[in-house]
Amino acid sequence: MLSHLEYDELEVIGRLRFEDLLTGGSRIFYKTHFLPMLLMQGKVDEMFLSLSSKSGKEYPVLMNMVLSGNSDTPTVDAVGLHMAKRNKYEKGILEAKQAAEKALKENDVLLKMKAELERHQELLEQQLRELKRINKEHVEFNKVLAHDMQEPLRKIQLFAGLLEGKTEKEGVGEEFGSYLKKLQGLSEYSRDLLMRLQHYHSLESRINNFTTGNLEEMIQAAISKLSIPEIQPDLTHLRVKDVRGDIPRLTWVLKELLANAYQFRTQGKPLYIEISSDLIKDNYYKTVQDAYRYTDFIQIRIKDNSQGFPINDQDKIFGLLQKFHVGSGTGLGLAYCKKIVDLHYGHILIKDIAGGGSQFTILLPYLS
Amino acid sequence: MDVLKRNNVNIIGKGSQVIMFAHGFGCDQVMWRYITPAFEEDYKLVLFDYVGCGKSDIGQYNEDRYGSLHGYAQDVLEICNTLSLENVILVGHSVSSMIGMLASIQQPELFRSLILVCPSPCYINKPGYTGGFEEKDLLELMEVMENNYVGWASFLAPVVMKNTERPELVQELGESFCSMDKEITGNFAKVTFFSDNRKDLPKVKVPSLILQCTEDDIASDKVGAYVQDNLRHSEIYHMKATGHCPHMSDPEETIKYIKQYLQKENISA
């Protein structure tokens, strides 16, 4: 065998390892597959490997190996059979088989794709129709929110005001007056809420054209809008700064999240906020099942040492009109944030940090 | 979909600190058999097979998903999230070092540290970088694999016919160790050996340990040093063990170094 490999004994014994005699490809497979098998089960049968002669000629062999000796000095007994002719024959069949399989697979793939395409087209038709219907409803609903529902409330306030003027003049009891005040307060609150809801509801029609912004500048803009001296986030971990989208609205999201951290800061602890950003790969398809395309996303994380949220349900935290802390705003802020991020085909998640604090993660498709 | 069944997840051990073991290309979770007993008493050990290896559910194989190492990283993350694992110490062999790093880039908060056994971010030589292999070697690898997995008995047509019904891929793999599906393994080899993840190394935030073997032809000293230079919080231990599979060829030394690292990082059971 040595002569076939163009070595003499002195060049091999004690100088070369078995794997040194293998071709590159055989070496990888031997070391990642056969050797582990040999080590774990003590033997391997019928390994096909290619040895390489000194001048680089291939020498295909079929080998069996058995682990023997003791644990201190393990040895491997191996027998092999040169199989050049058989290998040539096998190669021929393999090539034919591969060609046949490839053709068949391609044909198969094409047929499947055609069926899939038809199915998708049908689905698309249904979804477009559904979308059209929802859109129409959306517009009508918006009109109701903006006018039809505002009007009666405005009138309630008007009449309550008239009533108030009258009662003041004629001096009806204090109790009566306080009920009137409550009535006025409630209708004012409802009107305000209605206006915000309408604003939230019609957000998609007001989203600006996408441009590219600088994350650090956006954060600075958000900070200066808030002008709360305690909000001084640590920005040393901003590793990616290009953001594509409706920059003013995304800046608003940052502002809202920073304000959130401040509002729910832990009493007696200096507020600490860290904003970091990284480029990560994630599956672009989040709704289509069994579809995978790993693309770049910018991942923005806002971590603070605030009180955190009392529940861990994402849907609830970002849901409409959810309030988790007494006296906190209208319960629309986080829903708004989520809607803005969704309109960018991104994701927003929140997670409590062990030991106090919360972390918002925003994923946005990177510059696409 | 049942992630635990898909990846044949096995949980053993009496402790609470999690150590997750991820096998490399060409094998399955059984490769950790000599290592796990040393940690069973004090840790919770999570073992699994990638889809297409060992006793995983081959029916869940998706060429697009697993056509990228990110798809494999998704498996790791899904297992962690399904089991609500936290503070995970991930021990990854060979390609699983890279898969573990990718998973940690995506969700760093899940991981406490990475133990990278014989890692390489890129197996092919590139300008200014010695990965150890040329494209030609990898094409040879594909050929050797083909030669080892020919279904000779069913050659004359049935093999081809069978492949047309492949979408379910329901065929059972043999019971033996390291059994694998030919086609899936071919794809896994391609994605393993043709991937270039050098740019991802600086993105890893989780501290890591590199276990570098002597005379490792798959991941050389040079490659190990490259990995260490490009990982922010990493250290490297040079092992006496030779080859590419120290956890099988020299489990004692492997266990010793893992324990030494855990102690140094103050990770107690």
Discussion item. Restricting to the range A:249-264, count the residues that are surrounded by fewer than 20 Cβ atoms within 10 Å (Cβ to Cβ) and in contact with a strand residue (DSSP E or B) (Cβ under 9 Å, 6 or more places away or on another chain).
Written reply: 2
Practice prompt. Count, please, the residues in the range B:45-58 that happen to be assigned to a strand (DSSP E or B) and within 14 Å of another protein chain (Cβ to nearest Cβ).
Written response: 1
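Results for (1) of a type in the set (Gly, Ala, Ser); (2) at pLDDT below 95; (3) assigned to a helix (DSSP H, G or I), shown as yes or no for each residue.
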{"position": "A:257", "(1), (2), (3)": "no, yes, yes"}
{"position": "A:270", "(1), (2), (3)": "no, yes, no"}
{"position": "A:275", "(1), (2), (3)": "no, no, no"}
{"position": "A:285", "(1), (2), (3)": "no, yes, no"}
{"position": "A:288", "(1), (2), (3)": "no, yes, no"}
{"position": "A:291", "(1), (2), (3)": "yes, yes, no"}
{"position": "A:295", "(1), (2), (3)": "no, yes, no"}
{"position": "A:303", "(1), (2), (3)": "no, yes, no"}
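Restricting attention to the range B:244-269, which residues are in a loop (DSSP other than H, G, I, E, B) and at pLDDT below 90?
Matches in the range B:244-269: B:265, B:266, B:267, B:268, B:269.
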Worksheet item: Quick one: which of A:50, A:71, A:26 is farther than 27 Å from residue B:183 by Cβ, hydroxyl-bearing (Ser, Thr, Tyr) and within 12 Å of chain B (Cβ to nearest Cβ)?
Response: A:71
Response to the item:
Picking from B:215, B:252, B:235, the residue that is in contact with a strand residue (DSSP E or B) (Cβ under 7 Å, 6 or more places away or on another chain), more than 24 Å from residue B:145 (Cα to Cα) and not small (Gly, Ala, Ser) would be B:235
Fill in: Residues being away from chain B (no Cβ under 11 Å) and surrounded by 19 or more Cβ atoms within 10 Å (Cβ to Cβ) - total across the range A:273-294
3
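Tell me, please, whether a residue that is modelled with pLDDT under 85, out of contact with any helix residue (DSSP H, G or I) (no Cβ under 9 Å at 6 or more places or on another chain) and not acidic (Asp, Glu) can be found in the range B:173-187.
yes
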Discussion item. Looking at the range A:182-241 only, could you name the residues that are aliphatic (A, V, I, L, M), outside any helix (DSSP H, G or I), surrounded by 17 or more Cβ atoms within 10 Å (Cβ to Cβ) and touching a residue at least 60 places away in the same chain (Cβ under 8 Å)?
Written reply: A:240
Practice prompt. Evaluate the range B:88-107: report whether one residue or more is touching a helix residue (DSSP H, G or I) at 6+ places or on another chain (Cβ under 8 Å), without any contact (Cβ under 8 Å) to a residue 24 or more places away in the chain and over 21 Å from residue B:254 (Cβ atoms).
Written response: no
Fill in: Subset of the range B:1-35 [within 15 Å of residue B:117 (Cβ to Cβ) and surrounded by fewer than 17 Cβ atoms within 10 Å (Cβ to Cβ)]
B:33
Worksheet entry | Residue count for the range B:82-123, restricted to those that are touching a strand residue (DSSP E or B) at 6+ places or on another chain (Cβ under 8 Å), in a loop (DSSP other than H, G, I, E, B) and within 11 Å of chain A (Cβ to nearest Cβ) | 5
Worksheet item: Of the residues A:136, A:155, which is assigned to a helix (DSSP H, G or I), within 21 Å of residue A:206 (Cα to Cα), out of contact with any helix residue (DSSP H, G or I) (no Cβ under 8 Å at 6 or more places or on another chain) and at pLDDT 80 or above?
Response: A:136
Discussion item. Report every pair of residues separated by at least 6 positions or lying on different chains whose Cβ atoms are under 7 Å apart, first residue within the range A:330-351 and assigned to a strand (DSSP E or B), second among the basic types (Lys, Arg).
Written reply: A:348/A:338
Worksheet entry | Some residue of the range B:196-215 being at pLDDT 95 or above and over 22 Å from residue B:113 (Cα atoms) | yes
Fill in: Answer residue from the range B:1-44, given it is touching a Lys or Arg at 6+ places or on another chain (Cβ under 8 Å) and among the small types (Gly, Ala, Ser) and is farthest from the other protein chains (Cβ to nearest Cβ) among those
B:13
Item to complete: Could you list all residues from the range B:218-254 that are within 12 Å of chain A (Cβ to nearest Cβ), touching a Phe, Trp or Tyr at 6+ places or on another chain (Cβ under 9 Å) and touching a residue at least 12 places away in the same chain (Cβ under 8 Å)?
Response: B:218, B:219, B:246, B:247, B:248, B:251
Practice prompt. Could you run through the range A:6-27 and say how many residues are over 21 Å from residue B:215 (Cβ atoms) and surrounded by 12 or more Cβ atoms within 10 Å (Cβ to Cβ)?
Written response: 1
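The values are calculated or read from the model by the stated rules, or taken from the named source; none is laboratory data. Everything numeric in this text was worked out from a predicted model, so none of it was measured. Note that each Cβ is placed from the backbone with ideal geometry, even for glycine, and that neighbours are counted across all protein chains shown.
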